[in-house]
Amino acid sequence: MRGLTHRAVDKAADMPAGTPSAYYRTRQALLTALVRRLVERDQAELHGAGERLPPRRRHAHGPLRDADQLAVQIGEFIEQRLTGEGRRRSLARYACAVESVRHPELRDILVPRENAARDAVRDFLAAHGLADAEGRTLTLLACVDGLVFDRLLGGGRVCEPEIRGLVVTALR
């Protein structure tokens, strides 16, 4: 995060010198604005991902088909987080998470929020009769986040059997 300066933002955004300083007087204000924008974009992405998940309580083809659909959707989401703009945002998100250790006010902004993707996963698990659907949802999504983090650092892709294994484990 040392590279986040008003001057660096001027250059990256191709703006006249001092433009970010007019809006964000301190580096901390600039960092807070960055984190807020990152969360805003993530929430929009997660809402879209949630809209694409299998509808609540639809089991016409049995639970296995739905579990496979969920695994496919999670795989697509992970792929978005590991490539292109999604990769850059993921790296920024993790850098901000580390920075929040030194700046606890950022932690409040970064705290996971309710969104359509989380709701869809929770509804899916609840529809399968799991007693603690909320807890399992948080665990499953933490595992997904861990896979993204691992692949960002170590490279490589997340293979479909890994994702299916997470979904099947969440259903146990």
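The values are calculated or read from the model by the stated rules, or taken from the named source; none is laboratory data. Everything numeric here is computed off the predicted structure, so don't read it as measured data. Note that we place each Cβ from the backbone using ideal geometry, even for glycine, and neighbour counts take in every protein chain shown.
Helices (runs of 4 or more DSSP H) fully within region 2-58 that include at least 1 residues being at pLDDT 75 or above, within 18 Å of S100 (Cα to Cα) and in contact with a helix residue (DSSP H, G or I) (Cβ under 7 Å, 6 or more places away or on another chain): 27-52.
For region 98-129, a residue qualifies if it is touching a helix residue (DSSP H, G or I) at 6+ places or on another chain (Cβ under 6 Å), aliphatic (A, V, I, L, M) and over 17 Å from G48 (Cβ atoms), and the qualifying residues are L106, I109, L110, L125, A126.
The condition of being surrounded by 13 or more Cβ atoms within 10 Å (Cβ to Cβ), without any contact (Cβ under 8 Å) to a residue 60 or more places away in the chain and either on the phi > 0 side of the Ramachandran plot or not hydroxyl-bearing (S, T, Y) (or both) holds for only one of R118, R87, R136, R102, that being R136. The number of residues in region 140-167 being surrounded by 14 or more Cβ atoms within 10 Å (Cβ to Cβ) and of a type outside the set (D, E) comes to 14. Is region 133-153 home to any residue that is in a loop (DSSP other than H, G, I, E, B) and not small (G, A, S)? No, because not a single residue in region 133-153 is in a loop (DSSP other than H, G, I, E, B) and not small (G, A, S). Restricting attention to region 104-118, the residues that are assigned to a loop (DSSP other than H, G, I, E, B) and either touching a Leu at 6+ places or on another chain (Cβ under 7 Å) or closer than 27 Å to V72 by Cβ (or both) add up to 4.
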